[in-house]
Amino acid sequence: MDGESFVVKVVPFRYGCRNKYKIINDKNRDINKDIRNGLNINPLNSTKKMDSGIITVLLILSVTVIMLVLDVVRIDIVAIGCMLALGWTGILIPQEMFSGFSSNAVIAMLSVMILGRGIARTGIMDGFSKFIIKKAGTRKRNLVGLLSISTGLLSGLIQNIGAAALFLPGILQVSRRTKIPASSLIMPIGFAAILGGTLTMVGSGPLILINDLLLNEGHESYNLFSVTPVGLVLLLSGVGYFLLFGSKILPKKNVGESGKTEQEKLVERLKLPENIKLLTVTRESSLIGKTTEEAGLWQTYHVNLLGMGKEDDVVYAPWRKTKFEDGQTLAILGSAEKIEQFAKDFQIEVISESPYFSDDFNPNVSGFAEIIIPPGSELCRKCLREYSLRKRYAVEPVILFNNGERVEADFSDVEIRPGDTLIVYGRWDKIKDLKESSDFVVLTEFEVPKKDKSKTWPAIGCFLFAITLAMVGFPISMAFLTGALCMILTRVLNIGEAYEAIEWKVVFLLAGLIPLGVAMQKTGAAMFLAESIMRVVIDLHPVFIVLMVGVLSTVFSLFMSNVGAIVVLAPLVMGMADIAGIDPRPLVLMAAVCAANSFILPTHQVNAFLMSSGGYRNADYIKAGSGMTILFLTITVLLFYFFMI
């Protein structure tokens, strides 16, 4: 230079950033420069200067991240505060500040919640989980493999925490029956639920959100199954990881007291019978024609009759004068020895299942309740025979604490006093009737499941209709909101139940953080951070840029919500892609996928939900999650680098 002439030859080359070129002069001097907008700019000197807008946005970003990490204030309140801060500082005008509430991502998220509630309302998923557990048997490897794959696949269509919650009761039952520690089963299922969230663009919050972020910047959105190949590889790899190394990395301890349900604690504290057997009355049985009193169920055998069914006639907690008939199925509560003796004496057969009581004695449907008799109750100074407890409420009294003494067997004629405690067994919908009566104070906490099997096909139809609309190219938000509306119009849910299905905390979290991404783009803060990071990796192989995006997303998701992580990272990643000359769409998609790489700490909502049930500590997640994190990151980076970028 300085007046000397030289020839410039521009040759694209593979290594370094993809928009870098090799400039060769006539004296064979090589100078590496970035060509941006047709100008040669030294990347080390091109970083955008920090103006007041960038400083303000970075301060708001820093405070938001710190608040999300410390978890001192609810995440939705943090998001709302972030949104308002951007408005009050003048960074965003009101229309931009409230743009999150009109976001496609928010609409898609709440629509998925409504659709999921409609499907759960029909009981379809309960039957599905029961079928899977039945097929898996009692072998640990079979249980881990089949349950993990089932949970993961389901998690691709409903919220991953919903998929994990669906299978948790069944897993705990299998653990008790097979003596396999619950801690060896729960973590693989939880990890599979997280991995399954990468199967579709509605499987997780970040994937729902990125289409909006891309559209805001003028990029094309992804369709419903764009991410499915990557998600399938991740899910199968995660299942294989636990099948190969599960015995070494999973804790084998039994769940402690903190992991027990309220029912388990009540049974243990009061030493209640929890063995329920189904028996069928044969033609040869001497029980035919007798009543429960005449058969001596309470006095002689110390067992309780929870229900009897025949054809379309199913009676819960039958009245003492009800007579036994040929062909009836009986549900008996008591010790295994007493039930066996009862069956032998009356020539009745023990059966494994019955269409009359297919799922009636599941903990989600029925259980024990502790009830106190208050002063002023109609039952006071009466006995249960006079009050007709079974006929009124269809619950079976099991134990009475009368005047401080425990009374079992037949206490039908014991006078009830104010302050007495009664332990009953029944369906939760029947116990709810007790709770609403002024004659009882129900101490046991429970929820009444709302199931309506008559709406099964309408619910499935609405769900498939929404999926089909998304598959043929309609926007995901429009497709799923249409499906949610169909569920209301077909009366699978009423409008009140639809509103109840929406987790408004998540809605405000999304709506509050989306403007942060807008502000980072508007002020240039995203480009400032992108250029700062690119200064580190500018001279390295392009795979390191891809790796950097994966690592940043993984680290962010460990210490803040994955939705918050992608809102912060998306504009940053788009800036990095712009500098490197890479299509930003797959890089942003990879960042959203890697936001699910949250296994080392129980900060992901699924891990936090399952932590107490599995009796886990942070060290357990570090031990099992470290290998999973490395495996996840390696697979994602390689797949995106070689096949998508």
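Laboratory data are not the source of any read-out in this text; all were calculated from the coordinates shown. As the structure is a computational prediction, the values presented were derived from the model and not from experiment. Ideal geometry is used to build each Cβ from the backbone, glycine not excepted, and the neighbour counts take in all protein chains shown.
For an R0 of 51 angstrom, estimate the FRET efficiency from the Cβ-Cβ distance between residue 179 and residue 535 and round to the nearest 0.05.
Taking R0 as 51 Å, the efficiency between residue 179 and residue 535 is 0.35.
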TODO: Enter the Cα centre distance for the pair the stretch 426-461 and the stretch 503-556, rounded to the nearest angstrom.
DONE: 46
TODO: Treat the count of other C-beta atoms within 10 Å as a stand-in for reagent exposure and order 314, 398 from fewest to most.
DONE: 314, 398
Open item on the list: Only four residue types carry charge here, +1 at the Cβ of Lys and Arg and -1 at the Cβ of Asp and Glu. Report the dipole size of the chain about the Cα centre in Debye, rounded to the nearest 20.
Closed with: 1400
TODO: Let me know the whole percent of all Cα-Cα pairs from the stretch 196-235 that are separated by more than 14 Å.
DONE: 43
- [ ] Would you give the gap between the C-alpha center of the stretch 87-102 and the C-alpha center of the stretch 561-599, rounded to a whole Å?
- [x] 23
Task: Label-point separation in nm, residue 353 to residue 264, each point 7 Å along Cα→Cβ - done: 2.4
Open item on the list: Number of Lys pairs in the stretch 356-455 with C-alpha atoms less than 15 angstrom apart, excluding same-chain neighbours closer than eight positions?
Closed with: 4
- [ ] Report the full-extension gain for the segment residue 474 to residue 58: residue separation times 0.36 nm, less the Cα-Cα distance, to one decimal in nm.
- [x] 146.1 nm
TODO: Would you work out the charge dipole size for the stretch 419-532 about its Cα centre, treating the Cβ of every Lys and Arg as +1 and the Cβ of every Asp and Glu as -1, and quote it to the nearest 20 debye?
DONE: 420
Open item on the list: Between 0 and 90 degrees, rounded to the nearest ten: what's the tilt of helix 205-216 against the longest Cα principal axis of the chain?
Closed with: 40
TODO: With no solvent and one equal point scatterer placed on each C-alpha of the stretch 471-620, evaluate the Debye formula and give log10 I(q)/I(0) for q = 0.10, 0.14 Å⁻¹, two decimals.
DONE: -0.50, -0.87
- [ ] At 20 °C and 1.002 mPa s, grab the translational diffusion coefficient of the stretch 255-399 from Stokes-Einstein with a Kirkwood Rh over Cα pairs, rounded to a whole number in µm² per second.
- [x] 130
Open item on the list: For the chain, take the longest principal axis of its alpha carbons; what is the angle in degrees between that and the long axis of helix 618-639, to the nearest 10 within 0 to 90?
Closed with: 50
Task: Centroid-to-centroid separation of the stretch 330-351 and the stretch 261-319 [C-alpha atoms, Å] - done: 9
TODO: Using per-residue counts of other Cβ atoms within 10 Å, averaged over each peptide, order 407-416, 100-109, 324-333, 460-469 from highest down.
DONE: 100-109, 324-333, 460-469, 407-416
Open item on the list: Using only the alpha-carbon atoms, how far is helix 183-196 inclined from the longest principal axis of the chain? Give it as 0 to 90 degrees, nearest 10.
Closed with: 50
- [ ] Would you calculate, for the chain, the mean residue ellipticity at 222 nm contributed by helices, counting each DSSP H stretch of 4 or more residues as -39,500 (n - 2.57) and dividing by all residues, to the nearest 500?
- [x] -17000 deg cm²/dmol
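Order of 189-199, 547-557 by packing, highest average Cβ count within 10 Å first?
In descending order of packing, they fall as 189-199, 547-557.
When the expected Rg is taken as 2.2 N^0.38 Å, what fraction or multiple of it is the alpha-carbon Rg of the stretch 366-421?
That works out to 1.04 for the stretch 366-421.
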Task: Using a Förster distance of 45 Å, the FRET efficiency for residue 315-residue 221 (Cβ separation, nearest 0.05) - done: 0.20
Task: Stretch gain in nm, segment residue 141-residue 89, where the contour uses 0.36 nm per residue and the Cα spacing is subtracted - done: 13.1 nm
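Can you tell me the FRET efficiency between residue 70 and residue 619 if r is taken as the Cβ-Cβ distance and R0 is 30 Å, rounded to the nearest 0.05?
Efficiency, from the Cβ-Cβ distance: 0.90.
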Open item on the list: Sorted from largest to smallest, which semi-axis lengths in Å does the alpha carbon gyration tensor of the chain give for its equivalent ellipsoid, taking the root of 5 times each eigenvalue?
Closed with: 61, 25, 21
